[in-house]
Each structure stands twice: as C-alpha cells, then as structure tokens.
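Peer 1: Please find one structure pasted underneath; my questions will follow.
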Amino acid sequence: MKERKMTNIELPFRATTEQACHWLAQQTGEPWTLARLIENGLIPYVWLDYDADYPELFGDANGGYAAPIFFEGDTRRLAAGSEDVLITITKDVYKIVAQLKPPGFRRALHELRFLKKDLERMPGKLKREAEAKSQPVKIEAAMESQTGINKDQVLMAFSSLVKIDLAQALNDGGGIFGDEGARVKGSAKRAKNKIVWNPVTLALGLNDVYRVPIAQLKRAFHAHDFLYGWTAEWNHSLELLGK
C-alpha cells in the first residue's frame, strides 16, 4: 500500500465525510467513501443541539454535544448508501449507551463528522494490517509479552455492544467472564487492577452467548489501539471457525 504525505489539507478536529475521504485518499493513495470509512471501524458523529425532551441524554451539556453513531443497524444503513442519518442508539454526554425513543433521530448526511485523532490513526493501522498479511501468522510469539486486557479496556471495547451490565459481569467472573472463559487463569488471584481477559476469547464468547454480531466485534478490534496486537489471533480464529 502506498503512503503519501499530506500536502495542503489540514484536518479539522471534526472532519466532514468529504474531508475525511480526501485526506485518507492523500495518505493512502486509494479512494475512500463513507462506506469504507465505516467498514474500517471509523465512528461517525453528529452534533445534537439540546433537546428538552431528552434531558437525561444531555446532562449538563445544555448547548448540545457530539453523539457517536456506532450501533450496527445505524452504521449498516449508512454504509449501504442511505439518503439521511438515522440514530436509534447512541451514547449520552457521559458516554453511557442510550436507546432513543422510536423512531430515533434523523439528520442530514452532510452533518456527519469524523474525529481527527481517529482518522490520523487509520494510515498506520492499514499499514500494520498489510504487513501482517504479508508475513506468516506467529500468534504464540505475539502473545508472549501480552496476556490480556484489563477491565477498563474490556469496557471501552465491548460495553456498548451488550445490553448486560458488563462491569458487574466482569466482577462476578462467571461463565465466559471467568477462568473457564476469557479471564486469564491466575490473574484473579492478584490485585483487582491486575486481572486481565483474553479479548479474542471474550469476543467469541460475546458472539456465541450474547449474540453480538461478528461485524461489530471486528470494528471493536479495529477501533482501539490496545487491541491491535490481538488482530492476527482474532482473524485467525475467525478463519478457523469459518466466520
């Protein structure tokens, strides 16, 4: 994959779809579309002006806030070429998942924005993925220095994908969240902040037990830096399972 230096385009803090696609095209030498942005795990945002009908959504942000669009149904609709934006599930101003009253919020496509920091990470992520594909998969060697991810990272990556209280489930340590599931054996005997979970085993468990779609889990592995080192094992596991 070719990489190009940015010439005259400077990304704003929140870039429009056109700006995001143009910048990434300059960086990668490949064409980009809204569908490709979403398929690569980039999360679009829409600014929501304060709505008195949703006080719990805005909290103290009486001027409004940028709401993420991450629910698979909403993003799949965008990637398929919808004429507008439909948000049925988002996060409130405190980053807690919130389901909107039917039919949800509708916005114009031109209101979509992508965060500068997310876009700037994409060329490097694509380069790493291309390099991984060109080399034999050596999962054991990659895992020697990495045994798992901690509770905060688990919540950051997967809490928005399940309807259960994931924090409580991790604390309880039952089923897929315990030693017989994704929790790294022996880590629970250490301090609480030292307990770790294997994200690949956990993601496969979330798909099997809680029916979290594989597409959403794939996006999670693409969206978080701390999961990049697990991508090879994740992809290899999907291949073995035929998913």
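Peer 1: Lysine pairs in region 151-241 with Cα distance under 23 Å, only those 8 or more apart or on different chains: how many are there?
Peer 2: Values: K151/K163; K151/K185; K151/K189; K151/K192; K151/K194; K151/K218; K163/K218; K185/K194.
Lysine pairs meeting the criterion: 8.
Peer 1: Grab the beta carbon distance between E111 and L240, set R0 = 51 Å, and tell me the FRET efficiency rounded to 0.05. Can you show the working numbers first?
Peer 2: Values: r = 41 Å, r/R0 = 0.81.
E between E111 and L240, to the nearest 0.05, is 0.80.
Peer 1: Only Cα pairs under 8 Å and at least 6 apart count here; give the relative contact order of region 151-241 as a rounded whole percent.
Peer 2: Working: 79 pairs, mean separation 21.7, N = 91.
Contact order relative to length: 24 percent.
Peer 1: Taking only C-alpha pairs under 8 Å that are 6+ residues apart, what is the relative contact order of the chain in percent?
Peer 2: On the way: 317 pairs, mean separation 39.8, N = 243.
So the answer I get is 16 percent.
Peer 1: Which of rounded, prolate, oblate describes the chain, given a ≥ b ≥ c as roots of the alpha-carbon gyration tensor eigenvalues and a/c under 1.5 marking rounded, otherwise prolate only if a/b is larger than b/c? Before the final figure, lay out the partial values.
Peer 2: On the way: a/c = 1.97, a/b = 1.19, b/c = 1.65.
Oblate, since a/c reaches 1.5 and b/c is not below a/b.
Peer 1: Here's another thing I want to ask about it. Kindly report the accessible area of region 14-128 per residue (heavy atoms of protein chains, probe 1.4 Å, no ligands, DNA or RNA), in Å². Don't jump to the answer; show the numbers that get you there.
Peer 2: Numbers: 5710 Å² over 115 residues.
Solvent-accessible surface per residue comes out at 50 Å².
The values are calculated or read from the model by the stated rules, or taken from the named source; none is laboratory data. Computed from a predicted model, the values in this text were never measured in an experiment. All Cβ positions, glycine included, derive from the backbone under ideal geometry; neighbour counts span all protein chains shown. Note: areas computed on protein heavy atoms with side chains; ligands, DNA, RNA excluded. Shrake-Rupley method; radii C 1.70, N 1.55, O 1.52, S 1.80 Å.
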